[in-house]
1. Can you tell me which of 146, 124, 152 is outside any loop (DSSP other than H, G, I, E, B) and over 26 Å from the mean Cα position of the chain (by Cα)?
2. Consider residue 89 against the criteria (1) part of a helix (DSSP H, G or I); (2) surrounded by fewer than 18 Cβ atoms within 10 Å (Cβ to Cβ): it satisfies all of them except one. Which criterion is unmet?
3. Hey, could you check the range 99-121 for residues that are of a type in the set (D, E, K, R) and in a strand (DSSP E or B) and say which is farthest from the chain's Cα centre (by Cα)?
4. Here are 76, 80: which of them is without any contact (Cβ under 8 Å) to a residue 40 or more places away in the chain, over 30 Å from residue 45 (Cβ atoms) and surrounded by 15 or more Cβ atoms within 10 Å (Cβ to Cβ)?
5. Of all residues being within 19 Å of residue 141 (Cβ to Cβ) and touching a residue at least 60 places away in the same chain (Cβ under 8 Å) in the range 55-70, which is surrounded by the most Cβ atoms within 10 Å (Cβ to Cβ)? Just the residue, please.
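Every number here is computed from the coordinates shown, using simple stated rules; none is lab data. Please read these numbers as outputs of a predicted model, since none were measured by experiment. Backbone-built Cβ (ideal geometry, glycine too); neighbour counts: all protein chains shown.
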Amino acid sequence: MLQRSEVRGQRSAGRRGVALLEVIIGAVLLAIGLAVIISLASRALRTQIDGEKQMVAAWLADEYLNMVLVEGPVNYRKMYDTSGRCEYPFGEYEFALNLEDQGINFPFRVTATIRWPGASGDREVSVQTLIAERGGDPLQPRRPFEIVDREERWYGDQDEQ
């Protein structure tokens, strides 16, 4: 017959085995949790970087369209390239401007396309607008026919609501 001390030793060895098994299971669950968190963090970082690049591309497209607006579509072609790499620090971006003449007395259809390499292949942003050729003396400043009171427009709209 087993003595009391021998029974206690068998129980204690069994408890140590269960405790070791619990530690191993806990470590495995912790490793899985950390792997999921790291995966989500890296995916979020990649998405943020892609969003930043899209925002920069939109800024660049806006800048090129504004330059066409300032110089006029005809003069822009004479003064600047309509395609190529963007200047530093945006060297990874490429631009292409398409200035389509739609005839006399019609505005030009201007399309600015910005391309850049992305994680899942090349990405691009394309913006299209209509820009009329500058008429009259190009040295004269361009002013509206009527003075625009922006504060009145803003606060007047606020009062009506």
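1. Working: 146 fails: outside any loop (DSSP other than H, G, I, E, B); 124 fails: over 26 Å from the mean Cα position of the chain (by Cα).
From the options 146, 124, 152, the qualifying one is 152.
2. (1)
3. Keep residues of the range 99-121 that are of a type in the set (D, E, K, R), which gives 100-101, 109, 115.
If we keep only those that are in a strand (DSSP E or B) too, we end up with 100, 109, 115.
On the way: 100: 28, 109: 25, 115: 12 Å.
Among those that are of a type in the set (D, E, K, R) and in a strand (DSSP E or B), it is 100.
4. Values: 80 fails: surrounded by 15 or more Cβ atoms within 10 Å (Cβ to Cβ).
After applying the criteria, what remains is 76.
5. The initial filter retains those residues of the range 55-70 that are within 19 Å of residue 141 (Cβ to Cβ), namely 66-70.
Keeping just the survivors that are touching a residue at least 60 places away in the same chain (Cβ under 8 Å) gives 68-69.
On the way: 68: 21, 69: 15.
Here the residue is 68.
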